[in-house]
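Below: the structure, in C-alpha cells.
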C-alpha cells in the first residue's frame, strides 16, 4: 500500500486531460494529486486550466448545447475532480527524477513530492506574435485566437473578414476552415511564398473568399468598444517586409497559426522520450511513455488534433492505464 508521504498517482497539468485523469483516478480511490501550475507569460498568457482559459465560448464540447465559457468549463472539471477526493496543488513541477522509485517531482516552491505513477498532461501553448495588443485581446476574448477550429464558428466571426497569420500547413488548414464562415479570409505571410504543402495551398486558394497578403507582418491590433462595453478587434496594422510601409486591414478576427510549443521543458534529462518538436512520444495507442509508470495525455502528446474533447479522452486512457499498472505492481 502507498504510505502517507507518497502519492499513488500524481497528475501534472490542469487542462481537460489532467482533470479527466483526476476524475477517473479519484473515483478509483487512487487519491490523486494534481499539480495545477501557476500563471505566467511566455510570452503569451499561460494559465492553470490550459488554453481553454483563453476561450470565451466553447460550442463543440458535448453536453453544453448552449456553449460554455472556457474558464467556467475548467472550473466545473476541477470541482468534479475535487468532489471525489483529488488534491490540488497550485504549483509547477520544474524537474522530474524518474530514475528513482517512487518518482521525485521537484516544484517551483523548492519542495519534492513523490509518486508511484505520474500522468503528464501539461499541454502545449500557442506561439504568439508577442504584441501587447494581440495578447490583451486574446485574454479578453476580443477577437484574437490561436485555434480556428475551436473558435472560428462563433457568431462573432461569421460573415466578417478574418485574418490568419502563418504560412505552413496548419495555417492553411485553419484558413480553409474559416472560409466556411467568413466573408473573406486573408492569409498574412511574411514571405512571397508559402511553406505549406501544395495540396494544402491549393485547397485554400481554390475558395472564392480566399486571399493571400504577401511580404507582410502584423505589427499591431486595433480595437473598438462594442455596445456592451467590450473591447473587440476592428483591424490589424500590416507592415511590408520589403519597404516597411504600413497600412490597416479591417478584420473582425485574427487567428495566429504559427505553431505550438509543448510544455515539456521540465522533462529535460528526465528520460522521457520526446520527438524533435518536444512532444512526448507514446507507446502505440496507449498512454504509456518509454518510462514504466509514466503516462501522458492531451496536447503534450498530441500535435495533430489539439481539441478539448480528444484531450479529455486521452486523460481517461491515462488514468485507466495508471490504475492497472499500479494494481499490477501491488502499489494500491
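The values are calculated or read from the model by the stated rules, or taken from the named source; none is laboratory data. Quick caveat: nothing in here was measured; it's all calculated off a predicted structure. Methodologically, a virtual Cβ is constructed for each residue, glycine included, from the backbone with ideal geometry; neighbour enumeration extends over all protein chains shown.
Report yes if residue 21 is crowded, with 20+ Cβ neighbours inside 10 Å, in contact with a strand residue (DSSP E or B) (Cβ under 6 Å, 6 or more places away or on another chain), modelled with pLDDT of 95 or more and in a helix (DSSP H, G or I), otherwise no.
Numbers: crowded, with 20+ Cβ neighbours inside 10 Å: yes; in contact with a strand residue (DSSP E or B) (Cβ under 6 Å, 6 or more places away or on another chain): yes; modelled with pLDDT of 95 or more: yes; in a helix (DSSP H, G or I): yes.
When the stated conditions are applied, residue 21 passes them.
Among the conditions (1) buried (at least 18 other Cβ atoms within 10 Å of the Cβ); (2) more than 12 Å from the chain's Cα centre (by Cα); (3) at negative phi, the only one that residue 308 does not satisfy is (2). The condition (being in a loop (DSSP other than H, G, I, E, B), closer than 24 Å to residue 126 by Cα and assigned by TED's automatic domain parsing to the domain that holds residue 305) is satisfied by just one residue among 94, 38: 38.
Could we say that residue 297 is under 30 Å from residue 155 (Cα atoms), in contact with a helix residue (DSSP H, G or I) (Cβ under 9 Å, 6 or more places away or on another chain) and in contact (Cβ under 8 Å) with a residue 12 or more places away in the chain here? Spelling it out, it is not the case that residue 297 is under 30 Å from residue 155 (Cα atoms), in contact with a helix residue (DSSP H, G or I) (Cβ under 9 Å, 6 or more places away or on another chain) and in contact (Cβ under 8 Å) with a residue 12 or more places away in the chain.
Residue pairs whose Cβ atoms lie under 7 Å apart, separated by 6 or more positions or on different chains, with the first residue in the stretch 32-50 and under 18 Å from residue 131 (Cα atoms) and the second at pLDDT 95 or above and in a strand (DSSP E or B), do not occur.
Among the residues of the stretch 273-288, is any within 27 Å of residue 112 (Cβ to Cβ) and assigned to a helix (DSSP H, G or I)? No, the stretch 273-288 contains no residue that is within 27 Å of residue 112 (Cβ to Cβ) and assigned to a helix (DSSP H, G or I).
Residues checked against (1) at pLDDT 95 or above; (2) in contact with a strand residue (DSSP E or B) (Cβ under 9 Å, 6 or more places away or on another chain):
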residue	(1), (2)
36	yes, yes
39	no, yes
44	no, yes
47	no, yes
52	no, yes
74	yes, no
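Checking residue 102 against (1) in contact with a helix residue (DSSP H, G or I) (Cβ under 8 Å, 6 or more places away or on another chain); (2) surrounded by 15 or more Cβ atoms within 10 Å (Cβ to Cβ), which test does it fail? The single condition residue 102 does not satisfy is (1).
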